[in-house]
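Below is one structure, written out as structure tokens; comments come after it.
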Amino acid sequence: MSTVVSTEFRISGLSKSTASAVGRKAKRQGMTVDEYLKELIAEDVELDRIARTKSFAELAVPFEKALSGLSEQELDALARPRRRKAAGKTRR
């Protein structure tokens with residue numbers, strides 16, 4: 001059982017548009033902003049724990065399973081738009 005600690009964070013320098021976007025995302029999830037941010041933080045901490053305790057091979061298993069039935073051409077078709085997008089970002 002985990003202990004709940006009352007902690008308050010203040011975020012400075014967050015633009016109004018970003019703060020509004022966070023509020024909209026929380027609302028779409030049916031949460032308050034506090035609940036939404038708590039969930040994001042908890043998920044990030046858990047992902048960090050998983051990344052530190054599992055090998056790359058273990059982390060890659062779901063991708064291997066999902067992509068195992070695809071041909072080389074199908075994989076290339078999936079990757080092509082992302083490659084173009086990445087190439088466009090590096091040229092700026």
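We did not get these values from a lab; they are worked out from the coordinates using the rules stated. If you're wondering where the values come from, they're calculated on a predicted model, not measured in any experiment. With ideal geometry, Cβ positions are generated from the backbone for all residues, glycine too; neighbour counts draw on all protein chains shown.
Quick notes
- Residue among Val45, Gly13, Ala57 farthest towards the positive dipole end of the chain, charges placed on Cβ: Gly13
- Reach of Lys16 by Cα under 17 Å, taken over lysines that are not fewer than 8 positions away in the same chain: Lys25, Lys27
- Charged neighbours of Ala79, selected by a Cβ distance under 15 Å, balance to +2 (K, R count +1; D, E count -1).
- Anisotropy class of the chain from Cα gyration tensor, a/c 1.5 cut: oblate
- Counted by Cβ distance under 13 Å from Leu59, the other residues give a net charge of +1, where Lys and Arg count +1 and Asp and Glu count -1.
- Neighbour-count order for Glu46, Glu39, fewest beta carbons within 10 angstrom listed first: Glu46, Glu39
- Taking the longest Cα principal axis of the chain as reference, the axis of helix 56-67 is set at about 60 degrees.
- Charged neighbours of Arg49, selected by a Cβ distance under 14 Å, balance to -3 (K, R count +1; D, E count -1).
- The chain, dipole about Cα centre (Lys/Arg Cβ +1, Asp/Glu Cβ -1), debye to the nearest 20: 780 debye
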